[in-house]
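Peer 1: One structure, pasted below without further comment.
The values are calculated or read from the model by the stated rules, or taken from the named source; none is laboratory data. Everything quoted here is computed from the prediction, not taken from an experiment. So basically every Cβ, Gly included, is an ideal-geometry build from the backbone, and we count neighbours across all protein chains shown.
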Amino acid sequence: MLVPLGLLALSALGLVAGSPIPSSEFGAAPIELHRGKQIVRCPLEQLHPLNNAFVTHGQEPEFWGQTTEHVEVVSSGLLTTTLSSLPGCFVHVEDVADLLWETESPPRWRSRRSHPGHFVANPQLSDHHDTYHPLPEILDFYMGLVNHTESIPSHQVEATWIPSIGQSHEGRDLPVIRLRPRFGPQPKRTFFISAGIHAREWVSPATAQYVAAQIVDAYGSDANTTVFLNEFEVVIAPMLNPDGYVFSWEHDRLWRKNRRPADKSTDAQAADATPCVGVDLNRNFDNHWGGVGASPRPCATDYRGPSAASEPETQAVQKFVLEQLSNRSVGLDIHAYGQLILRSFGYTVTPAPNEAVLASVGDGIAAAILAVHGSVYTSMPASGLYPTTGSTDDWYTEQGGMWGWTFELRDTGRYGFRLPPEQIRPTAEEAWAGILYLGQRAAAEGPISN
């Protein structure tokens, strides 16, 4: 069946995950699930021929990733031969399993618990930001930040841990941390950061942890951090998809969605046999839900869900933002990969009324990031990559009354979702520079909504 170009471009965001294979060791069975598969990279203009090749071979397309220049698909056997013969296409990765083992062998998944000792808030001195962490350690880290500030009466940052603003499908809490100055005038605006909405994008929650640590450690000593927190209460939702994140550690490293099985009574296209699992939470927000760029098929990686805000994770975030965040100014959702700075709108190619201002801000963010480690990020409207509906950033903009942004972090396709641990810190450092610049512009020109 031919997939429409809009849906094809959307699906290019990632691999269609297969059935989970439980494993008692992080990564072993799920990685071997991809043994013998190749990644073929093609220019964007080959989207239709790629799709036709999959149809000819009787297979559903499996998309690995997309940037502004190319699309990557997963294939094997004769299909790989067919795809790589298309103009401009070539085999980019010879074996997906080898790539996964290269970047994610278990010895690299070090645990902070394996290095017991005094909690170190300074991100420059702590090795916490040099590896990925399972969910319990992420939550421990934020609790450590809060305890650190509370244990020092003179500490200048007030860190408030909200254990739960709601629960996931499987009953895990969705926490939030609020950061503001402890003394003196309070911020007049709120800067909201969300992370971890797509399970396999591990560098997203890792970057959020670095940002929180940087604020707690550097406020009062670093001028830019001090100005930022004086202007904004920073509210971080560090893990919007805890069920999917846990599943990506324990069963399938490339899992994207949440873990709600499709309901045959409400999901019109649910499978006749065992229902497919998961909703793409970044297609489920109550903003132009059900439009372009969001699949109605429960087995698709970009499945939008049975209705707008059908998922408990989505409901919790929307309710918290609208009811608990005052003076809303910026809403930033952190993703990977592609090295992109995406601004509203994603649901339409019609420019936003303030497009000139947003374009200037986006270009400034990219320049601030470039100055840190030389990473080149592209600034563009979200619909310039591919149209989407039901996304966080457009909901932040239209329903939240904020500047809604998405950062797609490193890289541009070499490692993709499997970014090596040694790149966590530099990725987070450059993202922090971009956040600081965004804050500067929002303080001068951004909205304030209640």
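Peer 1: What are the residues in segment 345-361 that are surrounded by 21 or more Cβ atoms within 10 Å (Cβ to Cβ) and without any contact (Cβ under 8 Å) to a residue 24 or more places away in the chain, if any?
Peer 2: First pass over segment 345-361, keeping only residues surrounded by 21 or more Cβ atoms within 10 Å (Cβ to Cβ): 345-347, 358, 361.
Residues satisfying the conditions do not exist here.
Peer 1: Could I ask something else about it? All but one of (1) assigned to a helix (DSSP H, G or I); (2) more than 26 Å from Asp411 (Cα to Cα) hold for Ile177; state the number of the condition that does not hold.
Peer 2: Only one criterion is unmet by Ile177, namely (1).
Peer 1: To continue, here is another question. Taking the criterion of being within 23 Å of Ser248 (Cβ to Cβ) and at pLDDT 95 or above, would at least one residue in segment 144-161 satisfy it? Spell out how you get there, then give the answer.
Peer 2: Taking segment 144-161 first, the residues within 23 Å of Ser248 (Cβ to Cβ) are none.
Checking segment 144-161: not a single residue is within 23 Å of Ser248 (Cβ to Cβ) and at pLDDT 95 or above.
Peer 1: Can I ask one more? Among the numbered criteria (1) out of contact with any strand residue (DSSP E or B) (no Cβ under 6 Å at 6 or more places or on another chain); (2) buried (at least 17 other Cβ atoms within 10 Å of the Cβ); (3) among the polar types (S, T, N, Q), which one does Asn147 miss?
Peer 2: (2)
Peer 1: Please work out if Val216 is part of a strand (DSSP E or B), assigned by TED's automatic domain parsing to the domain that holds Ala428, surrounded by 23 or more Cβ atoms within 10 Å (Cβ to Cβ) and within 24 Å of the chain's Cα centre (by Cα).
Peer 2: On the way: part of a strand (DSSP E or B): no; assigned by TED's automatic domain parsing to the domain that holds Ala428: yes; surrounded by 23 or more Cβ atoms within 10 Å (Cβ to Cβ): yes; within 24 Å of the chain's Cα centre (by Cα): yes.
So Val216 does not fit the description; no.
Peer 1: Do the conditions hold for Leu342, that is, is it surrounded by 23 or more Cβ atoms within 10 Å (Cβ to Cβ), in the same structural domain as Phe228 (by TED's automatic domain parsing), free of Cβ contacts under 8 Å to residues at least 60 places away in the same chain and farther than 25 Å from Gln167 by Cα? Before the answer, list the steps.
Peer 2: Details: surrounded by 23 or more Cβ atoms within 10 Å (Cβ to Cβ): yes; in the same structural domain as Phe228 (by TED's automatic domain parsing): yes; free of Cβ contacts under 8 Å to residues at least 60 places away in the same chain: no; farther than 25 Å from Gln167 by Cα: yes.
Spelling it out, it is not the case that Leu342 is surrounded by 23 or more Cβ atoms within 10 Å (Cβ to Cβ), in the same structural domain as Phe228 (by TED's automatic domain parsing), free of Cβ contacts under 8 Å to residues at least 60 places away in the same chain and farther than 25 Å from Gln167 by Cα.
Peer 1: Next question, about the same structure. Regarding segment 404-418, can at least one residue be identified that is free of Cβ contacts under 8 Å to residues at least 40 places away in the same chain and either touching a Ser or Thr at 6+ places or on another chain (Cβ under 6 Å) or surrounded by fewer than 24 Cβ atoms within 10 Å (Cβ to Cβ) (or both)? Talk me through it step by step, then tell me what you get.
Peer 2: Step one: list which residues in segment 404-418 are free of Cβ contacts under 8 Å to residues at least 40 places away in the same chain, which gives 414.
Subsequent filtering for residues that are either touching a Ser or Thr at 6+ places or on another chain (Cβ under 6 Å) or surrounded by fewer than 24 Cβ atoms within 10 Å (Cβ to Cβ) (or both) retains 414.
Yes: one or more hits.
Peer 1: Condition test on Val376, is it among the aliphatic types (A, V, I, L, M), surrounded by fewer than 22 Cβ atoms within 10 Å (Cβ to Cβ) and closer than 27 Å to Leu100 by Cβ? Step through it out loud before you land on a result.
Peer 2: Numbers: among the aliphatic types (A, V, I, L, M): yes; surrounded by fewer than 22 Cβ atoms within 10 Å (Cβ to Cβ): yes; closer than 27 Å to Leu100 by Cβ: yes.
Spelling it out, Val376 is indeed among the aliphatic types (A, V, I, L, M), surrounded by fewer than 22 Cβ atoms within 10 Å (Cβ to Cβ) and closer than 27 Å to Leu100 by Cβ.
Peer 1: Please work out if Ile424 is out of contact with any Leu (no Cβ under 9 Å at 6 or more places or on another chain), assigned by TED's automatic domain parsing to the domain that holds Ser383, crowded, with 23+ Cβ neighbours inside 10 Å and not aromatic (Phe, Trp, Tyr). Explain how you work it out, then say what you get.
Peer 2: Values: out of contact with any Leu (no Cβ under 9 Å at 6 or more places or on another chain): yes; assigned by TED's automatic domain parsing to the domain that holds Ser383: yes; crowded, with 23+ Cβ neighbours inside 10 Å: yes; not aromatic (Phe, Trp, Tyr): yes.
When the stated conditions are applied, Ile424 passes them.
Peer 1: When you check Ser360 against the structure, is it of a type in the set (Ser, Thr, Tyr) and closer than 26 Å to Ile177 by Cα, yes or no?
Peer 2: Numbers: of a type in the set (Ser, Thr, Tyr): yes; closer than 26 Å to Ile177 by Cα: no.
No.
Peer 1: Filter segment 200-226 down to residues that are free of Cβ contacts under 8 Å to residues at least 40 places away in the same chain and aliphatic (A, V, I, L, M) and give me whichever is nearest to Asp333 (Cα to Cα).
Peer 2: Looking only at segment 200-226, we keep the residues that are free of Cβ contacts under 8 Å to residues at least 40 places away in the same chain, and these are 218, 221-223, 226.
Cutting the leftovers down to aliphatic (A, V, I, L, M) gives us 218, 223.
Working: Ala218: 23, Ala223: 25 Å.
My answer is Ala218.
Each row is one residue, and each column tells you yes or no for (1) at pLDDT below 95; (2) in contact with a strand residue (DSSP E or B) (Cβ under 8 Å, 6 or more places away or on another chain); (3) part of a strand (DSSP E or B); (4) surrounded by 22 or more Cβ atoms within 10 Å (Cβ to Cβ).
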{"site": "Phe191", "(1), (2), (3), (4)": "no, yes, yes, yes"}
{"site": "Ser204", "(1), (2), (3), (4)": "no, yes, no, yes"}
{"site": "Gln209", "(1), (2), (3), (4)": "no, no, no, yes"}
{"site": "Asn224", "(1), (2), (3), (4)": "no, no, no, no"}
{"site": "Val235", "(1), (2), (3), (4)": "no, yes, yes, yes"}
{"site": "Tyr245", "(1), (2), (3), (4)": "no, no, no, yes"}
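Peer 1: Return yes or no: is Ala336 in contact with a Phe, Trp or Tyr (Cβ under 7 Å, 6 or more places away or on another chain), assigned by TED's automatic domain parsing to the domain that holds Ser204 and either over 20 Å from Val235 (Cα atoms) or charged (D, E, K, R) (or both)?
Peer 2: Details: in contact with a Phe, Trp or Tyr (Cβ under 7 Å, 6 or more places away or on another chain): yes; assigned by TED's automatic domain parsing to the domain that holds Ser204: yes; either over 20 Å from Val235 (Cα atoms) or charged (D, E, K, R) (or both): yes.
For Ala336, the condition - in contact with a Phe, Trp or Tyr (Cβ under 7 Å, 6 or more places away or on another chain), assigned by TED's automatic domain parsing to the domain that holds Ser204 and either over 20 Å from Val235 (Cα atoms) or charged (D, E, K, R) (or both) - is met.
Peer 1: What number of residues in segment 24-80 are among the small types (Gly, Ala, Ser), at pLDDT below 85 and assigned to a loop (DSSP other than H, G, I, E, B)? Steps first, please.
Peer 2: First, the residues of segment 24-80 that are among the small types (Gly, Ala, Ser): 24, 27-29, 36, 53, 58, 65, 75-77.
Among the residues that remain, those that are also at pLDDT below 85 are: 24, 27-29, 58, 65.
Add one more test, that the residue is assigned to a loop (DSSP other than H, G, I, E, B), and what stays is 24, 27, 58.
The total comes to 3.
Peer 1: Pick out the one residue from Gly338, Gly434, Gly400, Gly364 that is touching an Asp or Glu at 6+ places or on another chain (Cβ under 8 Å) and of a type outside the set (A, V, I, L, M, F, W, C). Before you say what the answer is, go through the steps one by one.
Peer 2: On the way: Gly434 fails: touching an Asp or Glu at 6+ places or on another chain (Cβ under 8 Å); Gly400 fails: touching an Asp or Glu at 6+ places or on another chain (Cβ under 8 Å); Gly364 fails: touching an Asp or Glu at 6+ places or on another chain (Cβ under 8 Å).
Only one candidate passes the filter, namely Gly338.
Peer 1: Only one of these is closer than 24 Å to Lys188 by Cα and either over 16 Å from the mean Cα position of the chain (by Cα) or not in a helix (DSSP H, G or I) (or both): Ala359, Ala443, Ala367, Ala371. Name it. Before the answer, list the steps.
Peer 2: On the way: Ala359 fails: closer than 24 Å to Lys188 by Cα; Ala367 fails: closer than 24 Å to Lys188 by Cα; Ala371 fails: closer than 24 Å to Lys188 by Cα.
From the options Ala359, Ala443, Ala367, Ala371, the qualifying one is Ala443.
Peer 1: Does segment 204-225 hold any residues that are hydrophobic (A, V, I, L, M, F, W, C) and over 15 Å from Ile236 (Cα atoms), and which are they? Even if it seems obvious, please write down each step before you answer.
Peer 2: Restricting attention to segment 204-225, the residues satisfying the condition of being hydrophobic (A, V, I, L, M, F, W, C) are 206, 208, 211-213, 215-216, 218, 223.
Passing the criteria: Ala218, Ala223.
Peer 1: List every residue pair whose Cβ atoms lie under 9 Å apart, where the two residues are 6 or more positions apart in sequence or sit on different chains, the first residue falls within segment 163-191 and is on the phi < 0 side of the Ramachandran plot, and the second residue, located anywhere, is part of a loop (DSSP other than H, G, I, E, B) and among the acidic types (Asp, Glu).
Peer 2: Ser168/Glu311; His169/Glu311
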